[in-house]
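Read through the structure below, which is laid out as structure tokens, and then see the notes.
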There are 4 protein chains.
Amino acid sequence: MTNAQSNPRRSQKENKIIDSAEEVFASVGFAKAKMEDVAGKAGVSKGTVYFYFDTKENLYMAVTYRALQVLNDYLYRTINDNREKPGIESVLSIVETYINFCEKHRLYSEVMLDYMSLNRSTRDGRDKSKLTTALIESLYYRRVQDIQNLPINLIIDEIKRGRKDGSIKNSKRPELLYLIAWACTIGFVKLNVAGGQRQTLLNVEINHWKEYQMEILRRILLDEN
Amino acid sequence: MTNAQSNPRRSQKENKIIDSAEEVFASVGFAKAKMEDVAGKAGVSKGTVYFYFDTKENLYMAVTYRALQVLNDYLYRTINDNREKPGIESVLSIVETYINFCEKHRLYSEVMLDYMSLNRSTRDGRDKSKLTTALIESLYYRRVQDIQNLPINLIIDEIKRGRKDGSIKNSKRPELLYLIAWACTIGFVKLNVAGGQRQTLLNVEINHWKEYQMEILRRILLDEN
Amino acid sequence: MTNAQSNPRRSQKENKIIDSAEEVFASVGFAKAKMEDVAGKAGVSKGTVYFYFDTKENLYMAVTYRALQVLNDYLYRTINDNREKPGIESVLSIVETYINFCEKHRLYSEVMLDYMSLNRSTRDGRDKSKLTTALIESLYYRRVQDIQNLPINLIIDEIKRGRKDGSIKNSKRPELLYLIAWACTIGFVKLNVAGGQRQTLLNVEINHWKEYQMEILRRILLDEN
Amino acid sequence: MTNAQSNPRRSQKENKIIDSAEEVFASVGFAKAKMEDVAGKAGVSKGTVYFYFDTKENLYMAVTYRALQVLNDYLYRTINDNREKPGIESVLSIVETYINFCEKHRLYSEVMLDYMSLNRSTRDGRDKSKLTTALIESLYYRRVQDIQNLPINLIIDEIKRGRKDGSIKNSKRPELLYLIAWACTIGFVKLNVAGGQRQTLLNVEINHWKEYQMEILRRILLDEN
DNA sequence: CATGAATGAGGCTTCATTCAT
DNA sequence: GATGAATGAAGCCTCATTCAT
């Protein structure tokens, strides 16, 4: 409440710092990222960074928060664009959108996966050591928690719509369909995006692969084969 | 002489240290792992760890090397067990084996994914900063490079066998099929294993999910389009 | 901005650290000097030392830089004091000044000799191993390079002046005379200063020795051959 | 007594190690020299090095001891060669010999100077910290002490002979003459040898410089001008 | 609010030395 | 006598974080 929205100048600087943080995290990873570099790239002092973000972890969560926001924007737009079309088209568009999102914002996809691991192991009460306590207590961690389910719900709702309008024949639970689609997509992204921007892997055209993957998803939703 | 195989006693201690390293890396991650803890858990002194593994990075690559070896063992065994069966069964078994491998050796799956990113970005000549130079120069990095393609080749060969014996109808290139299967599997594992060991995600039974995923894969392989 | 001159407070602390470094280097030598001790003696933390001087080597070069500066001060003053006198007197005063300088600042003389070796072997491209790369890359190494020739030039100019005003009869090249004088002086200093502050060596009064050495130098300069 | 002379095989290995130590010390200096490298270059194990030389310091003193021995050999030979000639010629030859010795065995000249500093500061009871206690207690340190004065005495004796046979006119104490000559020589060597093997310094031909230095020494001994 | 100097715990790594085989 | 694996003290350096100005 005291944050992002209240003061425009403040919000502006905050965003600049997050921009910078994204650059740094993306190029060297969290562990090797230096707060000094973040400050430098943002054109502010280290103290300023700490004024807005109490810890490095919190800054990381701020990036995660933004990732989720950006993803949501992507999703809302896609869903809106497909409002008139049958649900299956919307869902497939969402998948493509997600892939595009990951390709364009490589860091965001990593960050979100990190968050998931983090979140999961927190709930399990397992090895807290892995995740700094600071992280869990950070302001942005809570903010992220508040919106973490938005994308999932959006997508599942679209699947449900497809079921209703009959474009999706597959009768499995929407959640299961969601997981299947998500897993394929994450795997695809992980193999491609995470590492590089090569046009081929094992001499397979990335685009060819992507198209086939989409085709498979469509069939799954249509429950054909 | 510097190798793990030459001297049994030496090899034994080397392995003990890698065991220990796995524990530590698994519980706190590479960045937060302390060489001292590795030494402690292995029951040796810090110096000894450095006697066998020159750097922390090299130790990490040693774990990666072992991960690949273990995976290979799994694969060989699976392939052998399915020698008499049609190729499609072998391939599907391999996928299951891979999932089991990841579930059982969570660290190994992470480590291998890390290696892939590393390897990819190295080739692309991108952000070397992200990956320590020490890593690329490490002895084990080269060792890993030598065997990195073994699993891929094994699997692709099985797909080819399935094509030959007619059990796999899908006429796409084996490499493409491999990538599709691999992506699904990695995504599945990433969503499940990476985070925790819960029995459900979004109230979906993991086993149910897995079975459906396997079914889809089978259909893909059987696809005659 | 990183310079010693910009911020007075900053410059002050920087100097305090160099003071401290001199003490430590002087008493235990570079190799055994601990950065922590330097910090302690300067009344600051280890981190602060590294804030001002990135490496131990750079700190050493900072001392060298100061040594050259101090020597220059000595020389300027001596030359100025002898402005009205014939060149030969100036040159001989310079030699005495140099000896005094070395006696008073034993460390400085060692440090300067070290620098010479370093510099020489760098140019020759020989055994880089001996001299840390860090040393050559240090900020202060470059600074030192910028002023290393000042003393030499000052002295040679005075020799030339002596030649012009006829007080120095010796017709050899000023550079040669400089080297001769320098060698004698360095040797004298090395035998005396480097080791201790005893009043005799081989039962020879140091002062007696020094006077004779000066007398010889005078004769050389007066030499008309 | 238990050493070098008793067992030929032993003595041989000992010498090989010292050979190796010389190489290593010469190329990287004492501080950076690693016992492992010494062992490696000598073709023996680290344990063996320690069998013969209890500490790194002792090994260094062994090199020093050898340096003195070699210098003595040079001196004896020179003196013998000049037995029939007037003392002044012998003394000047000795100086040349010493210069040659230093040029040929750069390490030896450094080592001997180091020893002097060490020895001096030990006697003065000053900063013991600088020199490891281990050094002073080392076997070879004592050995060196036993023969440290040999060269000095040899030279002074030759100066005395020159005085007696009338070839040296200078009536100063032989010790003083020795110191004067030694200082010049050490300075010359320090400026030349210590750093590199360039043919010129300040565009002065080294040979030219050396000849002039010798000429000056001759004049000093002749007390001419 | 912003700055950037200062801190100091913490980690990796080195290497002289020891000692069981 | 050799070997070389093992030790562990010691030191350099990093960097998140704090705080006086």
Q: Give me the pairs, please: first residue somewhere in segment A:5-25 and not assigned by TED's automatic domain parsing to the domain that holds A:ARG143, second residue anywhere and charged (D, E, K, R) and within 15 Å of DNA strand E (Cβ to nearest atom), beta-carbon distance under 7 Å, and either six or more positions apart or on two chains.
A: A:SER20/A:LYS41; A:GLU23/A:LYS41; A:VAL24/A:ASP37; A:VAL24/A:LYS41
Q. Any idea which residue in segment A:51-65 is farthest from the chain's Cα centre (by Cα), counting only those that are more than 14 Å from chain B (Cβ to nearest Cβ) and within 16 Å of DNA strand E (Cβ to nearest atom)?
A. A:PHE51
Q | Single condition C:ARG66 does not satisfy, out of (1) among the basic types (Lys, Arg); (2) within 13 Å of DNA strand F (Cβ to nearest atom); (3) within 18 Å of C:ARG142 (Cβ to Cβ) | A | (2)
**Q.** Within segment D:20-36, considering residues that are over 18 Å from the mean Cα position of the chain (by Cα) and within 17 Å of C:GLU57 (Cα to Cα), the one farthest from the other protein chains (Cβ to nearest Cβ)
**A.** D:LYS32
Q) So is A:ARG77 away from every other protein chain (no Cβ under 13 Å), surrounded by fewer than 17 Cβ atoms within 10 Å (Cβ to Cβ), over 22 Å from the mean Cα position of the chain (by Cα) and away from DNA strand E (no atom under 16 Å from the Cβ) or not? A) no
Q: State all residues of segment C:168-177 that are facing chain D (nearest Cβ under 7 Å) and touching a residue at least 12 places away in the same chain (Cβ under 8 Å); if no residue qualifies, say none.
A: C:GLU175
Q: Restricting attention to segment B:134-167, report how many residues are within 14 Å of another protein chain (Cβ to nearest Cβ) and within 16 Å of DNA strand E (Cβ to nearest atom).
A: 2
Q: Kindly list, by first and then second residue, each pair from a residue in segment B:201-224 that is more than 7 Å from every other protein chain (Cβ to nearest Cβ) to a residue that is small (Gly, Ala, Ser) and surrounded by 19 or more Cβ atoms within 10 Å (Cβ to Cβ), limited to pairs with Cβ atoms under 6 Å and residues at least 6 apart or on different chains.
A: B:LEU217/B:ALA181
Q.
Every residue in segment C:17-38 that is assigned to a helix (DSSP H, G or I) and aliphatic (A, V, I, L, M), please.
A. C:ILE17, C:ILE18, C:ALA21, C:VAL24, C:ALA26, C:VAL28, C:ALA31, C:MET35, C:VAL38
(Q) I'd like the full set of residues that are without any contact (Cβ under 8 Å) to a residue 40 or more places away in the chain and under 18 Å from the mean Cα position of the chain (by Cα), limited to segment C:135-156. (A) C:ARG142, C:GLN145, C:ASP146, C:ASN149, C:ILE152, C:ASN153, C:ILE156
Q.
I'd like the residue in segment B:44-56 that is over 20 Å from B:ILE136 (Cβ atoms) and either modelled with pLDDT under 95 or part of a helix (DSSP H, G or I) (or both) and, out of all such residues, is farthest from DNA strand F (Cβ to nearest atom).
A. B:VAL49
Q. Does segment C:16-26 contain any residue that is within 30 Å of C:GLN213 (Cα to Cα), surrounded by fewer than 20 Cβ atoms within 10 Å (Cβ to Cβ) and either of a type outside the set (A, V, I, L, M) or modelled with pLDDT under 95 (or both)?
A. yes
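The values are calculated or read from the model by the stated rules, or taken from the named source; none is laboratory data. Since the structure is predicted, the reported quantities are computational estimates derived from the model, not experimental observations. Don't worry about glycine lacking a Cβ; one is built from the backbone with ideal geometry, like all the others, and counts go over all protein chains shown.
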